[in-house]
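To start, the structure under review is shown below, and the notes come after it.
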Amino acid sequence: MTHLRLGVNIDHVATVREARGGAYPDPVRAARLAEAAGADGITAHLREDRRHISDDDINRLSRELNIPLNLEMAATDEMHIIALNAKPRAACIVPEKREEITTEGGLDAARQHNHLSPIVRSLGAAGIRVSLFVEPARDQLDAAKSLGAPVVELHTGAYANASGAEQDRILARLTEAAAYGESIGLEIHAGHGLTFDNVKPIAAIPQIRELNIGHFLVGEAIFIGLDASIRRMRALMDEARA
Ligand code: PXP
């Protein structure tokens, strides 16, 4: 099976920094540590309200990382300009509501076609690999394809929050969506809410090429350190893939 990449999301290192203001802890230092621990990429979400990652973090990450940066961003004019200036390797377009605690639900790529189309085209033309963060549903994958996005990231939040038979049903939807998405030529990523306990069934879906994981890894770092938390996640992904 193809290698499953791990993108480490370092937003919540910045959340701890913002709890006090100032410069500590530094998410760029966490990104370098993640790189040393085996992360294949770094993911950071520059939110409209700048509640964690700052513009300066994005500039420093784009300059200082040796592994690809995946910028999570809302489809707004402001973020569009920032992405064109920062030129990350990848940009994942996510829905964003100011009052939400985290990204709730996927992008409605099917209904927002006209709004998304120019930004997907423009980022793609700038050499940025665009992904759309969507629910595991065929209409969303078809919409992503018709928008010309090369990648979709399947939202695993509902899977992560469910249990028992409900979780099995959502896993079946993710499995079907990954196969369908690949069959129409999309590269498939997944993420949101993944932990040591729930990552393996997702990592075992053969069409998935990349997982983006953040909150749990940074939380677990409090107990076992960031290096150990990333290495353990990597090992679980590799076991699921073997
Ligand atoms: N992928 C996307 C598109 C996200 O918005 C997020 C959260 O910022 C993640 C992955 C990572 O989710 P978590 O922090 O729950 O691991």
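Taken together, the values in this text are just the output of simple stated rules run on the coordinates, not laboratory data. Because the structure is a prediction, the values reported are computed rather than measured. Cβ atoms come from the backbone with ideal geometry, glycine included; neighbour counts cover every protein chain shown.
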Practice problem: Report, ordered by the first and then the second residue, all pairs with beta carbons closer than 9 Å, sequence separation of six or more or different chains, a first member in segment 80-107 that is more than 13 Å from V134 (Cα to Cα), and a second member that is of a type in the set (D, E) and more than 12 Å from the ligand (Cβ to nearest atom). | Solution: I82/D55; A86/D55; R98/E48; R98/D49
Quiz item: Any idea which residue in segment 124-138 is farthest from H80 (Cα to Cα), counting only those that are among the aliphatic types (A, V, I, L, M) and in contact with a helix residue (DSSP H, G or I) (Cβ under 9 Å, 6 or more places away or on another chain)?
Solution: A137
Quiz item: Looking at G181, is it in contact with a helix residue (DSSP H, G or I) (Cβ under 6 Å, 6 or more places away or on another chain) and surrounded by 14 or more Cβ atoms within 10 Å (Cβ to Cβ)?
Solution: yes
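Quick grid of which residues meet (1) surrounded by fewer than 16 Cβ atoms within 10 Å (Cβ to Cβ); (2) within 20 Å of V152 (Cβ to Cβ); (3) away from the ligand (no atom under 15 Å from the Cβ); (4) not small (G, A, S):
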| position | (1), (2), (3), (4) |
| --- | --- |
| R5 | no, yes, no, yes |
| A19 | yes, no, yes, no |
| E35 | no, no, yes, yes |
| T43 | no, yes, no, yes |
| R51 | yes, no, no, yes |
| M79 | no, yes, no, yes |
| C92 | no, yes, no, yes |
| P95 | no, yes, no, yes |
| T103 | no, yes, no, yes |
Quiz item: Within segment 156-193, how many residues are hydroxyl-bearing (S, T, Y) and within 12 Å of L141 (Cβ to Cβ)?
Solution: 2
Quiz item: Among Q207, Q167, Q112, which is the only one that is closer than 22 Å to H3 by Cβ and surrounded by fewer than 24 Cβ atoms within 10 Å (Cβ to Cβ)?
Solution: Q207
Practice problem: Considering (1) over 18 Å from the mean Cα position of the chain (by Cα); (2) surrounded by fewer than 17 Cβ atoms within 10 Å (Cβ to Cβ); (3) on the phi < 0 side of the Ramachandran plot; (4) not β-branched (V, I, T), say which one P201 fails and leave the rest. | Solution: (1)
